[in-house]
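Below is one structure, written out as structure tokens, with a few remarks after it.
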Amino acid sequence: MLSLQLAGRTVVVTGAGQGQGAAEARMLAEAGVRVIATDLPAGMPAGLAGASPSPEGSLLYRQLDVADAAGWSGLGDWIRSQGWAVDGLVNNAGITQRSRLLDASATDLHKVYDVNVAGALLGIQTLAPLMAGGASIVNVGSVAGLTAHYPVAYTASKWALRGLSQVAAMELGRRGIRVNTVHPGFIETPMTQGAKPEFRQATLAETPLGRTGSVEEVAAVVLFLLSPLSSYVTGAELPVDGGQAGHGGAKSISDALR
Ligand SMILES: NC(=O)c1ccc[n+]([C@@H]2O[C@H](COP(=O)([O-])OP(=O)(O)OC[C@H]3O[C@@H](n4cnc5c(N)ncnc54)[C@H](O)[C@@H]3O)[C@@H](O)[C@H]2O)c1
């Protein structure tokens, strides 16, 4: 049977309390990984409760605000004190901000960047020194980072994350550490729960597969990128979006001419 070859590895997931991060943490634990799940709450979030780690796997929880450099350094010290190496990092924590171009303030921009961009940078800076060749970092971007999605601060942050990912892939490649990015489309999570019906409908109209995605469908791609099965993949960007970004705006034209 084909194996993801993840058993026995140690992987840190940020923003793992709910949504995609929780699914990634749960599926990694099932694949035999020692998962260090992190998020803002002090105690283990309910979203992680249903995890059923395989005999080799485990799911530990640590509080971490990804925007807090001291928090990252505390996490790094703790991992070091356990005598563990780090084989994987999923920079999943992210926040959105829906103000539009003429209303967005510099404060909005800074707030989103602190989490979505600086959070990932701090994670890489803290954990790359604990990684050896074969380790893998996955950054969670967004279709927003491939398009002109209207919430400008969020979109700009995800475009910035792409630049960060590419530099990291280049700089860490010589150590055998891979860095890749996934770009989710509309995924059913607490983040999108409150989306307006108009937003949902318009997104579906732009999505060739004609449906939204599940957290497990994103997590499966993240597990592949963490696994040695993707050992020659680095600096790659993989949309997990039902085809939303790939047509570059041509779908409405194609649909109109049907
Ligand atoms: N859901 C979607 O449709 C969608 C689409 C594209 C990209 N994304 C991206 O996927 C990632 C996960 O999104 P989701 O939909 O699961 O979101 P979510 O809001 O359901 O979960 C995000 C998690 O991140 C945590 N978080 C927020 N700020 C944090 C901080 N400063 N430090 C640590 N943790 C923090 C939250 O507590 C929460 O548990 C995000 O980076 C998001 O931008 C989501």
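What follows is calculated from the coordinates using simple rules that are stated; it is not laboratory data. Computed from a prediction, not measured in an experiment: that's the story for all the values here. Neighbour counts are summed over all protein chains in view; Cβ atoms, including those assigned to glycine, are modelled from backbone coordinates with ideal geometry.
Looking only at region 107-120, which residues are more than 13 Å from the ligand (Cβ to nearest atom) and buried (at least 17 other Cβ atoms within 10 Å of the Cβ)?
D108, L109
Mind listing whichever residues of region 222-258 are of a type in the set (V, I, T), in contact with a strand residue (DSSP E or B) (Cβ under 7 Å, 6 or more places away or on another chain) and surrounded by fewer than 19 Cβ atoms within 10 Å (Cβ to Cβ)?
V233
Could you grab the pairs with beta carbons closer than 8 Å, sequence gap of 6+ or different chains, first residue in region 169-189 and within 20 Å of T212 (Cβ to Cβ), second one within 7 Å of the ligand (Cβ to nearest atom) and assigned to a strand (DSSP E or B)?
Qualifying pairs under 8 Å: V182/V140; P184/V140.
So that you can scan it fast, the table gives a plain yes or no per residue for (1) within 16 Å of the ligand (Cβ to nearest atom); (2) farther than 26 Å from G8 by Cα; (3) more than 22 Å from the chain's Cα centre (by Cα):
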| residue | (1), (2), (3) |
| --- | --- |
| K196 | yes, yes, yes |
| A202 | yes, yes, yes |
| T207 | yes, yes, no |
| T212 | yes, yes, no |
| A219 | yes, no, no |
| G242 | yes, yes, no |
| H247 | no, yes, yes |
| A250 | no, yes, yes |
| R258 | no, yes, yes |
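Go through the residues of region 91-106 one by one and say whether even a single one is touching a strand residue (DSSP E or B) at 6+ places or on another chain (Cβ under 6 Å), within 23 Å of A219 (Cα to Cα) and within 10 Å of the ligand (Cβ to nearest atom).
Checked against the condition, which is being touching a strand residue (DSSP E or B) at 6+ places or on another chain (Cβ under 6 Å), within 23 Å of A219 (Cα to Cα) and within 10 Å of the ligand (Cβ to nearest atom), region 91-106 yields at least one hit.
When you look at L64, is it without any contact (Cβ under 8 Å) to a residue 40 or more places away in the chain and either in contact with a strand residue (DSSP E or B) (Cβ under 7 Å, 6 or more places away or on another chain) or of a type in the set (A, V, I, L, M, F, W, C) (or both), yes or no?
No, not satisfied.
Among what's in region 127-157 and is in contact (Cβ under 8 Å) with a residue 60 or more places away in the chain and under 17 Å from L238 (Cα atoms), pick the residue that is surrounded by the fewest Cβ atoms within 10 Å (Cβ to Cβ).
Per the stated criteria, the residue is T147.
Just need a number here: residues in region 13-28 that are of a type in the set (S, T, N, Q) and assigned to a helix (DSSP H, G or I).
1
Exactly one of (1) in a helix (DSSP H, G or I); (2) of a type outside the set (F, W, Y); (3) within 16 Å of the ligand (Cβ to nearest atom); (4) surrounded by 19 or more Cβ atoms within 10 Å (Cβ to Cβ) is unmet by L59. Its number?
Among (1) in a helix (DSSP H, G or I); (2) of a type outside the set (F, W, Y); (3) within 16 Å of the ligand (Cβ to nearest atom); (4) surrounded by 19 or more Cβ atoms within 10 Å (Cβ to Cβ), L59 violates only (1).
Would you confirm whether any residue within region 29-40 is charged (D, E, K, R), within 13 Å of the ligand (Cβ to nearest atom), out of contact with any Pro (no Cβ under 9 Å at 6 or more places or on another chain) and closer than 20 Å to I187 by Cα?
no
Do the conditions hold for L101, that is, is it at negative phi and either outside any loop (DSSP other than H, G, I, E, B) or out of contact with any helix residue (DSSP H, G or I) (no Cβ under 8 Å at 6 or more places or on another chain) (or both)?
In short, no.
If we only count helices (runs of 4 or more DSSP H) wholly inside region 148-258, which ones have 1 or more residues that are touching a helix residue (DSSP H, G or I) at 6+ places or on another chain (Cβ under 6 Å)?
Fully inside region 148-258 and qualifying: 152-173, 190-193, 215-226.
Regarding region 127-143, can at least one residue be identified that is within 16 Å of the ligand (Cβ to nearest atom), in contact with a His (Cβ under 8 Å, 6 or more places away or on another chain), in a helix (DSSP H, G or I) and closer than 24 Å to V167 by Cα?
yes
Name, by its number, the condition in (1) more than 10 Å from the ligand (Cβ to nearest atom); (2) of a type in the set (G, A, S); (3) not in a loop (DSSP other than H, G, I, E, B) that does not hold for G71.
G71 satisfies all of (1) more than 10 Å from the ligand (Cβ to nearest atom); (2) of a type in the set (G, A, S); (3) not in a loop (DSSP other than H, G, I, E, B) except (1).
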